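First comes the structure, then the notes that go with it.
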Amino acid sequence: MTLTIKLKKDLEKQLRSEAAKTGMDASRYVESVVEERLQKSQQQPPHLSRAEAELLQKINLGLSEQQWRRYRELLAERRAETLAAEEQKELVALSDQIEQANGRRMENLIELAKLRQVSLEAQMSELGIKPRVYV
């Protein structure tokens with residue numbers, strides 16, 4: 001099949017230059033670039049197994065934004081030493097929920113790392129999860 005394409009002069013110059021670097025004529029170079037691009041577009045995206053998808057969903061579970069907002073408010077009140085007794089109980093309950101969620105998250109991260117046969121550190125890095133450092 002023959003196809004005629006009109007290119008801007010600067011694009012044609014760049015194309016001829018790139019073709020020369022590879023030792024091909026411009027026509028063959030364009031064919032190889034188009035072929036490569038089409039092959040890439042037909043490749044299947046990475047596929048998650050059902051188990052991986054379920055673990056990733058569980059890893060992403062946590063407190064709602066409203067709960068986090070309330071937690072931060074209560075922490076601010078504690079720092080300001082204005083926390084009432086009922087608010088102290090609420091803060092403890094939210095802290096417990098956070099600890100439990102983090103424990104479940106770690107269990108699921110470990111399970112995912114085992115499933116993928118990588119270290120926990122590598123799995124966390126791949127997911128962009130950074131351990132918090134408390135000093």
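Numbers for the structure displayed
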read-out: Residues of region 90-113 classified as free of Cβ contacts under 8 Å to residues at least 24 places away in the same chain, under 22 Å from R69 (Cβ atoms) and touching a helix residue (DSSP H, G or I) at 6+ places or on another chain (Cβ under 7 Å), total; value: 2
read-out: Hits in region 58-67 - residues which are assigned to a helix (DSSP H, G or I) and in contact with a helix residue (DSSP H, G or I) (Cβ under 8 Å, 6 or more places away or on another chain); value: K58, I59, Q67
read-out: Filter result (loosely packed, with under 10 Cβ neighbours inside 10 Å, modelled with pLDDT under 90 and either of a type in the set (A, V, I, L, M, F, W, C) or assigned to a helix (DSSP H, G or I) (or both)) within region 38-55; value: L38, Q39, K40, S41, Q42
read-out: Every residue from region 56-67 that is surrounded by 11 or more Cβ atoms within 10 Å (Cβ to Cβ) and either hydrophobic (A, V, I, L, M, F, W, C) or under 15 Å from G103 (Cα atoms) (or both); value: L56, K58, I59, G62, L63
read-out: Residue that is at pLDDT 90 or above and either assigned by TED's automatic domain parsing to the domain that holds M106 or farther than 29 Å from M124 by Cα (or both), where the choices are L11, L15, L75, L3; value: L75
read-out: Qualifying residue in region 68-89 (condition: touching a helix residue (DSSP H, G or I) at 6+ places or on another chain (Cβ under 9 Å), among the hydroxyl-bearing types (S, T, Y) and surrounded by 14 or more Cβ atoms within 10 Å (Cβ to Cβ)); value: yes
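The values are calculated or read from the model by the stated rules, or taken from the named source; none is laboratory data. Not measured: the values here are computed from a predicted model. Please note: Cβ atoms are built from the backbone with ideal geometry, for glycine as well, and neighbour counts cover all protein chains shown.
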